[in-house]
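Structure first, commentary second.
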Amino acid sequence: MRDQPIDLSVVIVNYNVANFLEQCLNSVEAASQQLNVEVFVVDNNSVDGSVEMVGKKFPNVHLYANTENLGFSKANNQAIMQCKGRYVLLLNPDTVVEQDTFFKCVAYMDKHTKVGGLGVRMLDGKGKFLPESKRGLPTPAVSFYKIFGLATLFPKSKRFGTYHLGYLDEFEINEVDVLSGAFMMLRSDALLKVGLLDEAFFMYGEDIDLSYRIQLGGFTNVYFPETKIIHYKGESTKKGSLNYVFVFYNAMIIFAKKHFSERYAKFFSIAIHTAIYLRASLSIAKRVLQKVSWPLYDAFGTYMILRLLGSQWQKNEIEFPDMAYTYLSPTYILIWIFCTWLFGLYDKGSRIHQIWKSTFIATVVILVAYALFPKEWQFSRLFILLGAMGFTGVFYAGRVIQDLIRYGNINFGKLPKKRFGIIANAEEFNRIEELLGLTYPEIDHIQQINPSTDSLNTTELQDIIRVHQINELIFSAKDFGASNTIQLMADTANLSLEYKIAQPDTSYLIGSSSIDQAGAYYNLHFDALQLPANKRLKRLFDVLMSLIFLCLSPLLIWKYKNPQRFMRNLVQIALGQLSFVGIGTPSPSSKKVKGFILRPQFNQDQAFDLQAFIYMKSYRLSYDLLSVWNQLHMLDNDTH
């Protein structure tokens with residue numbers, strides 16, 4: 001490592017975050033101008049086109065394409081062993097570095113030869129400081145305070161706030177125990193002495209272990225806030241997930257067994273296991289509650305309305321059987337709720353105005369079944385229609401109350417009106433404006449902000465934001481440097497803005513709403529087929545249609561040249577192994593393409609490429625129905 005004229009070796013391990021990786025590599029390229037830098041990307045078997053993107057757009061990057069997910073530690077070591085730099089930087093793909101970040105960090109470590117590892121000030125996608133930029137060693141006591149919430153209650157306490165070192169100023173250079181693996185600059189001499197990442201850690205904990213070994217090796221770790229990066233925390237790994245709880249805390253157990261005494265390690269292990277089951281139980285309970293709270297509310301409210309209707313029937317001496325309460329009403333409610341779920345109205349971010357459509361379809365199903373009921377069950381169609389209206393009213397009432405409590409107005413689940421400020425020169429402004437028009441339907445205003453204006457500082461920008469009532473800022477990476485972008489995000493973080501960064505020659509804008517949320521981005525290649533509601537509708541269509549065709553197969557099978565394949569296709573579709581209709585190329589948001597037998601053909605006047613694009617971007621169930629109808633003679637096709 002030491003004999004080569006390389007200042008810095010940057011190692012990035014990627015797994016299915018191609019868009020963020022591209023943005024990261026652009027910032028790395030800009031930050032490498034003042035130093036001799038080599039860059040390694042190790043891809044852990046991504047299926048989102050990451051490898052192809054790096055090969056095409058960054059030919060100078062040393063690319064390793066693994067055929068399996070080797071984990072963070074092993075993949076990093078794979079590249080580190082090839083590094084020739086005086087320093088090695090472990091960098092997450094969901095980061096953006098300033099233009100002078102590398103130069104400042106290398107200069108500091110050149111001057112302070114006892115520093116073995118260095119971390120920087122990290123901001124999330126809304127410009128807010130990430131406390132894990134500096135951390136203390138997770139001893140049993142420190143871990144106990146964090147696990148049971150004392151660190152959150154007393155973040156500035158030297159006793160309770162040691163995990164994130166909350167008592168240290170975020171703007172001052174300090175020695176720390178633990179560096180974040182999202183940005184971890186390491187002295188090559190220190191790595192030669194203490195060894196590489198411990199591959200017993202598949203993900204999480206490896207940065208804590210290496211930081212501790214650097215200290216044991218006679219070096220120090222430094223928190224260096226004189227440069228900063230954006231870390232879209234939650235992108236490479238979703239930190240709110242139940243799997244994260246198990247993986248992270250089990251990594252802590254591995255660390256304790258490795259470095260603490262047997263007595264301490266045993267105590268630590270008990271505490272961690274307690275925390276795992278506590279957190280897992282709370283996480284499961286929270287998820288179940290979130291999933292069932294609205295259906296339970298809708299069911300209870302509708303049942304009370306049906307009870308009220310029944311009592312009115314009885315008061316007016318209209319025949320009303322007891323089974324209406326015990327069997328029929330619950331059945332009606334279940335059908336209404338099932339259809340509401342099927343249409344995705346219980347999904348996050350759903351358009352609740354579609355409740356009329358789902359309730360109408362469910363009510364038609366109920367009325368059709370009603371016609372087949374025994375005479376003693378057919379007491380009133382009006383009861384069903386009023387119940388459907390009641391269900392819709394209960395649904396709307398709950399969401400209105402929620403909107404009034406949360407936002408102070410009635411939103412009905414609509415996308416918020418956006419007032420965009422785009423910091424870009426004319427050419428990029430026009431490109432970004434067009435992209436927004438194609439990807440976001442609720443635009444109230446778009447304001448160009450000239451990045452070349454000398455007076456574009458925090459005060460000037462805040463005035464523009466206030467005057468034009470901007471609620472989302474978009475930075476052109478081509479016209480506005482990463483350092484200025486990150487600084488303005490940090491300076492305006494208190495304004496509750498959303499931020500996006502537009503990379504040159506791309507069809508997406510990247511940003512993140514919170515540290516625990518997957519980064520949102522406007523993407524021209526958005527795939528509507530990946531929405532949960534559309535997945536459910538498509539699956540239901542496949543099952544019902546395949547069963548219908550199977551029932552009719554004695555009449556239809558003679559029409560096909562390959563009857564055996566026709567029957568096999570129908571069975572595989574019914575079992576979920578195939579779909580009737582599909583497209584052959586995965587979108588950036590999808591991780592795999594299910595096999596299919598027909599291509600979209602719902603408009604005879606449109607070219608296939610256009611139909612495929614419309615099918616992916618704005619999927620409708622009618623597209624599948626028309627595609628099957630137009631290609632009935634091709635149901636014995638080979639699988640695509």
Exercise. Mind telling me which of the residues Asp189, Asp209 ends up being assigned to a helix (DSSP H, G or I), acidic (Asp, Glu), at pLDDT 90 or above and more than 30 Å from Asn26 (Cβ to Cβ)?
Key: Asp189
Quiz item: Checking Phe429 against (1) among the aromatic types (Phe, Trp, Tyr); (2) outside the structural domain of Asn484 (by TED's automatic domain parsing); (3) farther than 28 Å from Leu308 by Cβ, which test does it fail?
Solution: (2)
Quiz item: In this structure, is Ile573 in the same structural domain as Asp542 (by TED's automatic domain parsing) and at pLDDT 90 or above?
Solution: yes
Quiz item: Given (1) modelled with pLDDT under 90; (2) under 23 Å from Phe541 (Cβ atoms), where does Cys339 come up short, assuming only one miss?
Solution: (1)
Quiz item: Could you count how many residues in region 122-131 are under 24 Å from Leu282 (Cβ atoms) and out of contact with any Gly (no Cβ under 9 Å at 6 or more places or on another chain)?
Solution: 1
Practice problem: Using the structure shown, decide if Ser281 is among the polar types (S, T, N, Q), loosely packed, with under 12 Cβ neighbours inside 10 Å and at pLDDT 70 or above. | Solution: yes
Quiz item: Exactly one of (1) surrounded by fewer than 17 Cβ atoms within 10 Å (Cβ to Cβ); (2) assigned to a loop (DSSP other than H, G, I, E, B) is unmet by Phe480. Its number?
Solution: (1)
Exercise. Report yes if Leu385 is outside any loop (DSSP other than H, G, I, E, B) and either surrounded by 12 or more Cβ atoms within 10 Å (Cβ to Cβ) or within 28 Å of the chain's Cα centre (by Cα) (or both), otherwise no.
Key: yes
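Please indicate, with yes or no, whether at least one residue in region 36-55 is surrounded by fewer than 18 Cβ atoms within 10 Å (Cβ to Cβ), of a type in the set (Gly, Ala, Ser), in a strand (DSSP E or B) and at negative phi.
No, the conditions are met nowhere in region 36-55.
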Quiz item: Do any residues in region 481-506 that are in contact (Cβ under 8 Å) with a residue 40 or more places away in the chain have Cβ atoms under 6 Å from those of residues that are among the small types (Gly, Ala, Ser) and part of a helix (DSSP H, G or I), where the two are at least six apart or on different chains, and which pairs are they?
Solution: Ala482/Ser27
Quiz item: Is it the case that region 429-436 has a residue that's within 26 Å of Thr492 (Cβ to Cβ), over 27 Å from the mean Cα position of the chain (by Cα) and either surrounded by fewer than 16 Cβ atoms within 10 Å (Cβ to Cβ) or not aromatic (Phe, Trp, Tyr) (or both)?
Solution: yes
Quiz item: Tell me, which helices (runs of 4 or more DSSP H) lie completely within region 68-177 with 3 or more residues that are touching a strand residue (DSSP E or B) at 6+ places or on another chain (Cβ under 9 Å)?
Solution: 72-80, 101-111
Practice problem: Consider only pairs whose beta carbons are under 9 Å apart and that are at least six residues apart or on different chains; among these, list those whose first residue lies in region 534-562 and is not assigned by TED's automatic domain parsing to the domain that holds Ile361 and outside any helix (DSSP H, G or I) and whose second residue is of a type in the set (D, E, K, R) and surrounded by 15 or more Cβ atoms within 10 Å (Cβ to Cβ). | Solution: Tyr560/Asp636; Lys561/Asp636; Asn562/Asp636
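The values are calculated or read from the model by the stated rules, or taken from the named source; none is laboratory data. Computed from a predicted model, the values in this text were never measured in an experiment. Cβ coordinates were reconstructed from backbone atoms using ideal geometry, including for glycine residues, and neighbour counts include every protein chain displayed.
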